[in-house]
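Notes follow the structure.
Just so it is clear, none of the values below were taken in a lab; they were calculated from the coordinates. None of these values were measured; they are calculated from a predicted model. All Cβ positions, even for glycine, are placed from backbone atoms using ideal geometry, and neighbour counts span all protein chains on display.
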Amino acid sequence: MNLSHAYFRRWLTGIVVTLGAGLLLSGCSTIANVGAVVGETAGVITPQQGDSIRKTGEAVEKTFADITPEQEYYIGRAVGATIVSKFKVYDNPQATEYINLLGQTLALASARPETFGGWHFLILDSDEINAFAAPGGFIFVSRGMLRLCKSEDDLAAVLSHEIGHVELQHALRAIKGSRLTSALTILAVEGAKSFGGDALSSLTEAFEGSISDISNTMMNSGYARKQERQSDEVAVRIMKGIGYDAHALPNVLTRMESQLKPGGHDFAATHPPPKDRVKDLDSMLKKTPHVPVPAVRVQRFQEALAGI
């Protein structure tokens, strides 16, 4: 689902004003070519400026990993807007406050306890069994996924896995390199100046494409098994660090296996088969003991998500 062109114009204006000049350059050989096409050929910058871009690109050779936390936040916010344009947000303050308290606690045990705009957890009013993690710390969990969870440890496992995707910047890796290079080159060239004409059109197209790359990966094609395993490893580390039972993760996946419908548009379409992840987790958790569940944890889970 695409957001309107007008929306991206407003979004980009906010980014340019906030970030100012000299944002990012990417990939020495590619940025040189883009600098020539966008700048010298189109008449946006002078040949001297184009040469400066090429030299800077050759010296810096930056990649998506050099996206600043602030830029990651704006990208994540736009991806989040795409998600909530497809799924209705579940209006339940008690449940929303609960998953945010739990999510914030889990995030503190991650390698990224803080993000530029903070961590945000939202419930989607959907029966699909699914969860998404947008760049910058935007986590979305469906009501269907919450119903699948039978305990706070189960929910902690789901949220920790999604936090792992953000920690490892998996969503940013979905952006096609050429598209990211084009967008960041234009920003580097124009800085905080006013955009207009071909430059704005190219920038808007590049960023809209970048958001589509991430959204399509999250909601349609999904991540590779290697990336899911990496996020599971992060989830296990987070849960053990906080004191939750890490065995809840394979338990949730096993329960999910029996409820997912082949060919559906939910978790089954965006993740490797749960049985594959359970197999990987079995080896990870071989020497990890189970953790007793306190009664208070059971009570607050049931009260917070009653009627979900």
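Numbers at a glance
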{"read-out": "Environment charge at Ser110 (Cβ cut-off 13 Å; Lys +1, Arg +1, Asp -1, Glu -1)", "value": "-1"}
{"read-out": "Unsatisfied cross-links (Cα-Cα over 29 Å) in the set Lys240/Lys275; Lys150/Lys275; Lys88/Lys279; Lys226/Lys287; Lys86/Lys279", "value": "Lys88/Lys279; Lys86/Lys279"}
{"read-out": "Förster radius 25 Å - calculated FRET efficiency between Lys275 and Gln169, Cβ distance, rounded to 0.05", "value": "0.40"}
{"read-out": "Within-12-Å neighbourhood charge of Phe138 [Cβ basis; K, R +1; D, E -1]", "value": "-1"}
{"read-out": "Segment 238-243 - phi-based ³J(HN,Hα) in whole Hz, Karplus 6.51/-1.76/1.60, Gly and Pro as x", "value": "5, 5, 5, x, 7, x"}
{"read-out": "Lys286/Arg147 FRET efficiency (R0 35 Å; Cβ-Cβ; nearest 0.05)", "value": "0.70"}
